[in-house]
1. Is it the case that residue 74 is free of Cβ contacts under 8 Å to residues at least 40 places away in the same chain and either open to solvent by 50 Å² or more (accessible area, probe 1.4 Å) or among the polar types (S, T, N, Q) (or both)?
2. Please specify each residue of region 31-46 satisfying the condition of being of a type outside the set (A, V, I, L, M) and modelled with pLDDT of 90 or more.
3. In region 60-106, what residues are modelled with pLDDT of 90 or more and of a type in the set (Asp, Glu)?
4. Is it the case that residue 19 is under 16 Å from residue 106 (Cβ atoms) and modelled with pLDDT of 90 or more?
Amino acid sequence: MASIRSINGNSTIPLLHNYSTGCVNKSPITYETEYIYKNGVKIGYVQLKGSAYYHTAWGYLKFYSAAPYDYYANVWVDSFNGTTKRAFTSCASSGGNGWIMKGQTS
């Protein structure tokens, strides 16, 4: 399982459902990419993304091959103020794109 930590360990970026609000199309930035491996083979990647325009963050997950079964993957993004957790969201949360299901790659 891949995990991406906050950019500077002290993220205060607000979380929005960026696909339903359209933030993904307004000045998107990729902060970090981490590759996902299965049995030593690179099968995809997860990215911490954000919008400079909306000052928000979200996760993006991409596989190189179609998911072999339903509920194959999901991304969670946590927001911290120092060491205090402020909020979290995921693809499966209301307004997100949902879990990666069988046949999907993102």
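The values are calculated or read from the model by the stated rules, or taken from the named source; none is laboratory data. All of these numbers come straight from a predicted model, not from anything done at the bench. Counting neighbours? That spans all protein chains shown, and the Cβs are built from the backbone with ideal geometry, glycine included. Keep in mind that these areas ignore ligands, DNA and RNA; they rest on the heavy atoms of the full protein, side chains included. Shrake-Rupley method; radii C 1.70, N 1.55, O 1.52, S 1.80 Å.
1. Working: free of Cβ contacts under 8 Å to residues at least 40 places away in the same chain: yes; either open to solvent by 50 Å² or more (accessible area, probe 1.4 Å) or among the polar types (S, T, N, Q) (or both): yes.
Yes: the conditions hold for residue 74.
2. Narrowing region 31-46 to residues of a type outside the set (A, V, I, L, M): 31-35, 37-40, 42, 44-45.
Scanning region 31-46 gives 32, 33, 34, 35, 37, 38, 39, 40, 42, 44, 45.
3. 70
4. Values: under 16 Å from residue 106 (Cβ atoms): yes; modelled with pLDDT of 90 or more: no.
Spelling it out, it is not the case that residue 19 is under 16 Å from residue 106 (Cβ atoms) and modelled with pLDDT of 90 or more.
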